[in-house]
Amino acid sequence: MTTAERPADRPLDALAEPVERVGRGWTSALALANGAIWVGWYGPLQILLASQATDFAPDAGMSKETMLAWVTGAGAVVSLVANPFFGALSDRTVSRRGRRTPWIVAGTAGGALSLLLLGGAGGVWTMALGWCLVQLTLNAAFAAVTAAVPDRVPPSQRGSVGGWLGAAQILGVVGGTGLATVAGGIGAGYAACAVFTVVGVLPYVLRHRDLRLAAAARPPWSWRGFLAGFWLSPRRHPDLGWAWLTRFLINLSNGLVLLYLLYYLRDRIGYHDPDQGVLVLTAVNGITLLATVVVGGVWSDRVGRRKPFVIWSGVLMALATAALSGWQTWTGTVVAAAVLGVGFGVFTSVDFALMTHVLPKALDRGKDLGVINVANALPQVAAPALAAPIMTYLGGYRVLYLVAAVVGLAGALLVVRIRGVD
């Protein structure tokens, strides 16, 4: 009987180091839930928020680029707080449905309602409020989904499981972009993303029981202790610190590439249909990512090494990003998207496995992964702050993509500082 099939009736299972391999059904359901959450994020990020910014910017007296940067930056600030906060709450949740499932359900339902609110936004303030609520609620669900992996998956299988989650992530990005493009309007696009997010999470919630935490295993509550737990000292946990910095820099590089992609196609490349162009690039990137994300994770599991995969995938992504600076044509953009997908596929699966190896203790898996996931959200704040002055004063898209390449390369090389992972 696999871990996925065993009844979750023994409370201490929640804190045990998993040793039994999970089955395909559990992995598939968790991957689908993960992909559904990414649909809820990337339908807005790739298409819908940019379209709303174009509509609302003239009345607000600012450029569409500035408005989009402020709205996405505000949402990213919410994400910075929400992911570790809800991860910590799920660590301490004692319920019949387990530690993670209640937060997956609540976060998904709240995310769907927030997407519908965002679809009805009538100006920049309601747009910003709606996007912040989407980030708040979907991060609650995402923190719980992510924490299920170290809860249930043995270390020797985490590369392959991380690969399937990564595949679902890019399918969620492609699916969200596709739904936003073909739904027939901004409101319809948000509604389609909301429905898909709910439907995609249901199989995991309904078919797979979560591990339950014993009430005696939950630490006594205090606000001081709860808040203090979010600081993970790089001195005490240096491997965790270097792993966090690696992820942050590579995600910052990726965020700089994606932030103005729609405007890059419209204003610099002169592509005839920029919305469709974003969808094509996302699909190309997704195809090459899917070709490597599972293979990279499985290969890493088999050889028992993580760092070489992270290093070389980061170098490859940096080269592709630099190509966007020097080869500013539609053909060059397609090639760069394809190469970025190859590199990011390997990075996504192997870096996730690497992160689970440096977690300090089982009781705080959700919180610690939430702190690590700040390295995904913080670039959404840093990228607009860095990109806006580059675009306005320092040379535009050519300089922007060179800076992104240097940042990504630095992230790839710093992984050698992690000592506790082969």
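The values are calculated or read from the model by the stated rules, or taken from the named source; none is laboratory data. Predicted model, so just to flag it, every value in this text is computed and none were measured. Note that we place each Cβ from the backbone using ideal geometry, even for glycine, and neighbour counts take in every protein chain shown. These area figures cover heavy atoms from the full protein model, side chains too; ligands, DNA and RNA do not enter into them. Shrake-Rupley method; radii C 1.70, N 1.55, O 1.52, S 1.80 Å.
A few comments on the model shown:
- Search result, residues across the stretch 152-180 that are more than 23 Å from residue 110 (Cα to Cα) and more than 18 Å from the chain's Cα centre (by Cα): 152, 153, 154, 155, 156, 157
- The criterion of at least 1 residues that are modelled with pLDDT of 85 or more and in contact with a helix residue (DSSP H, G or I) (Cβ under 8 Å, 6 or more places away or on another chain) is met by the following helices (runs of 4 or more DSSP H) wholly inside the stretch 154-249: 158-182, 186-207.
- Residue ID - farthest from residue 359 (Cα to Cα), chosen from residues in the stretch 130-160 that are of a type in the set (A, V, I, L, M) and open to solvent by 10 Å² or more (accessible area, probe 1.4 Å): 133
- Among the residues of the stretch 248-265, those that are open to solvent by 20 Å² or more (accessible area, probe 1.4 Å) and over 19 Å from residue 43 (Cα atoms) comprise 248, 249.
- Residues that are at pLDDT 90 or above and of a type in the set (A, V, I, L, M), drawn from the stretch 27-47: 29, 30, 31, 32, 33, 36, 37, 39
- Verdict on residue 278 being in contact with a Leu (Cβ under 9 Å, 6 or more places away or on another chain), crowded, with 20+ Cβ neighbours inside 10 Å and more than 23 Å from residue 415 (Cα to Cα): yes
- Positions within the stretch 48-97 being farther than 30 Å from residue 182 by Cα, buried (at least 18 other Cβ atoms within 10 Å of the Cβ) and of a type in the set (Ser, Thr, Tyr), in sequence order: 90, 93
- Only one of the numbered conditions (1) among the polar types (S, T, N, Q); (2) at pLDDT 85 or above; (3) farther than 20 Å from residue 352 by Cβ is violated by residue 66, and that is (2).
- Taking the conditions (1) more than 29 Å from residue 303 (Cα to Cα); (2) buried (at least 22 other Cβ atoms within 10 Å of the Cβ); (3) touching a Lys or Arg at 6+ places or on another chain (Cβ under 6 Å) in turn, residue 415 satisfies each one other than (1).
- In the stretch 102-129, the residues that are open to solvent by less than 10 Å² (accessible area, probe 1.4 Å) and more than 19 Å from the chain's Cα centre (by Cα): 118, 127
- For the stretch 202-209, the count of residues that are open to solvent by less than 30 Å² (accessible area, probe 1.4 Å), charged (D, E, K, R) and either more than 26 Å from residue 68 (Cα to Cα) or free of Cβ contacts under 8 Å to residues at least 12 places away in the same chain (or both) is zero.
Residue-wise test of (1) among the charged types (D, E, K, R); (2) in contact with an Asp or Glu (Cβ under 8 Å, 6 or more places away or on another chain); (3) assigned to a helix (DSSP H, G or I).
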| residue | (1), (2), (3) |
| --- | --- |
| 266 | yes, no, yes |
| 282 | no, no, yes |
| 293 | no, no, yes |
| 302 | yes, no, yes |
| 305 | yes, yes, no |
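Yes/no per residue for (1) over 27 Å from residue 294 (Cα atoms); (2) in contact with a strand residue (DSSP E or B) (Cβ under 6 Å, 6 or more places away or on another chain); (3) charged (D, E, K, R); (4) open to solvent by 10 Å² or more (accessible area, probe 1.4 Å):
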| site | (1), (2), (3), (4) |
| --- | --- |
| 329 | yes, no, no, yes |
| 332 | no, no, no, no |
| 338 | no, no, no, yes |
| 350 | no, no, no, no |
| 355 | no, no, no, no |
| 376 | no, no, no, yes |
| 380 | no, no, no, yes |
| 385 | yes, no, no, yes |
| 390 | yes, no, no, no |
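- The listed residue being open to solvent by 20 Å² or more (accessible area, probe 1.4 Å) and in contact with a Leu (Cβ under 9 Å, 6 or more places away or on another chain), out of 318, 322: 322
- Pairing residues of the stretch 366-379 that are within 15 Å of residue 251 (Cβ to Cβ) with residues that are modelled with pLDDT under 80 and assigned to a helix (DSSP H, G or I), at Cβ distances under 7 Å and at least 6 apart in sequence or on separate chains, gives 372/355.
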